[in-house]
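**Student:** Below is a structure I'd like to ask you about.
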Amino acid sequence: MRVDYSPDAMDPGSFYRLLTAVVVPRPIAWVSTLTPDGATANLAPHSFFTVACTDPPIVQFTSVGRKDSLRNAEATGEFVVNFAPEPLFAEINATATDFPRDRSEFDAVGIEREPSLRVRPPRVAASPVALECTLHSTLRLGDSTVVFGRVVHAAVHEDALVAGRPDIELLRPLSRLGGNEWGTVGEVHELARAPYRDTARD
Ligand SMILES: Cc1cc2nc3c(=O)[nH]c(=O)nc-3n(C[C@H](O)[C@H](O)[C@H](O)COP(=O)(O)O)c2cc1C
């Protein structure tokens, strides 16, 4: 037996809660941007986040409504996706508060910043990975806007690397689950994909 849910017969909020409870776990882009006057560095988590294209490298996050991160990215053409690691759990959540646009979450929450190499918005110094992006395009979908960013530079802390590769045990990513739930990495399994020629029986 299954329980059926029709978005047409439900209010949007209820269906949204169902969707975010079943599209899990979601990685978290901790997005830093600058106001157009360059005076205020904004920082906010976005879990509607993934890789959009491999070549050229493009990532995407979605602003539900028109939030400061979206408005700054549109106005300045730049943003940084900072990796959201487990030790910064409380800080990440604190930057999801709806601070006024001229109040920097870096300052309000007490997060140390460092300069980016290729774009103006700062990086989170304690985050192990920064993906510096220039705005590729935006796509308006209903109440949301998907923001595509071309990754022009990636900076990874050397203490998150093993043999030159980012290591999951060192990165310790947080993820977003349903409601106010957060996830951490559980068991990690390795399994190579089998080419078809190795699976064909005759
Ligand atoms: C873990 C987490 C994930 C979130 N993901 C999103 C998201 O994908 N899209 C969105 O619009 N808001 C998301 N939010 C809410 C925003 O972070 C929040 O509205 C924030 O105040 C937006 O900041 P801004 O106005 O500075 O951009 C998320 C919040 C948390 C705690």
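**Student:** Counting alpha carbon pairs within less than 8 Å and at least 6 residues apart, what relative contact order, in whole percent, applies to the chain?
**Tutor:** 23 percent.
**Student:** If one computes the Cα centroid of the stretch 92-154 and of the stretch 1-58, what distance in Å separates the two points?
**Tutor:** With the stretch 92-154 and the stretch 1-58 each reduced to a Cα centre, they are spaced 14 Å.
**Student:** Could you list which residues have their amide H under 5 Å from that of Arg123, counting only those 5 or more apart in sequence or on another chain, with H placed in the peptide plane?
**Tutor:** HN-HN under 5 Å from Arg123: Glu114, Ser116.
**Student:** Size of the dipole of the chain about the Cα centre, Lys and Arg at +1 and Asp and Glu at -1 on the beta carbon, nothing else charged, in debye to 20?
**Tutor:** 460
**Student:** Here is a follow-up. Expressed in nm to one decimal, what extension gain is obtained for the pair Arg120 and Leu18 from 0.36 nm per residue of sequence separation less their Cα-Cα distance?
**Tutor:** Contour length minus Cα-Cα distance gives 33.0 nm.
**Student:** Please list, in order along the stretch 154-170, the HN-Hα scalar couplings obtained from phi with the Karplus expression 6.51 cos²θ - 1.76 cosθ + 1.60 (θ = phi - 60°), rounded to whole Hz, x for Gly and Pro.
**Tutor:** 10, 10, 10, 4, 5, 7, 9, 10, 10, 6, x, 10, x, 10, 4, 6, 8
**Student:** What are the ³J(HN,Hα) values, in whole Hz, obtained from phi via the Karplus relation 6.51 cos²θ - 1.76 cosθ + 1.60 with θ = phi - 60°, for each residue of the stretch 176-184 in sequence order, with x given for Gly and Pro?
**Tutor:** 9, 10, x, x, 9, 7, 10, x, 10
**Student:** Using modelled backbone amide H atoms (1.01 Å from N, in-plane), which distant-in-sequence or interchain residues come within less than 5 Å of Trp182's amide H?
**Tutor:** When sequence neighbours closer than 5 places are left aside, the close amide H contacts are Leu177.
**Student:** Using 0.36 nm per residue, how much length does the chain from Glu190 to Arg150 gain when fully extended, once their Cα-Cα distance is taken away?
**Tutor:** 11.4 nm
**Student:** Please list, in chain and number order, the residues 5+ apart from His153 or on another chain whose amide H is under 5 Å from its amide H, with Hs placed from the backbone.
**Tutor:** For His153, the qualifying residues are Glu132.
**Student:** With springs connecting C-alpha atoms under 10 Å apart, model the chain as a Gaussian network and identify which of Pro121, Pro12, Pro25 has the largest mean-square fluctuation.
**Tutor:** Highest fluctuation among the options: Pro12.
**Student:** Can you run phi through the Karplus equation (6.51, -1.76, 1.60; θ = phi - 60°) for the stretch 116-129 and list ³J(HN,Hα) in whole Hz, with x for Gly and Pro?
**Tutor:** 7, 8, 10, 10, 7, x, x, 8, 7, 4, 8, 7, x, 9
**Student:** In the stretch 135-197, what trypsin sites (Lys or Arg not before Pro) fall in a loop by DSSP, with at most 14 other Cβ atoms inside 10 Å?
**Tutor:** Counting only loop positions with at most 14 other Cβ atoms within 10 Å, the trypsin sites (Lys or Arg not before Pro) in the stretch 135-197 are Arg193.
**Student:** Right, next: How do Thr40, Thr138, Thr97, Thr54 line up, fewest other C-beta atoms within 10 Å first?
**Tutor:** If I rank by nearby Cβ atoms, fewest first, I get Thr54, Thr97, Thr138, Thr40.
**Student:** Where in the chain lies the longest segment free of GluC sites (Glu not before Pro) that are both loop residues by DSSP (not H, G, I, E, B) and have at most 13 other Cβ atoms within 10 Å?
**Tutor:** 1-111
**Student:** Grab the Cα-Cα distance for Met1 and Asn93, subtract it from 0.36 nm times how many residues apart they are, and report the gain in nm with one decimal.
**Tutor:** Full extension from Met1 to Asn93 adds 29.4 nm.
Every number here is computed from the coordinates shown, using simple stated rules; none is lab data. Since the structure is predicted, the reported quantities are computational estimates derived from the model, not experimental observations. Here Cβ is always computed from backbone atoms with ideal geometry, including for glycine, and neighbour counts include all displayed protein chains.
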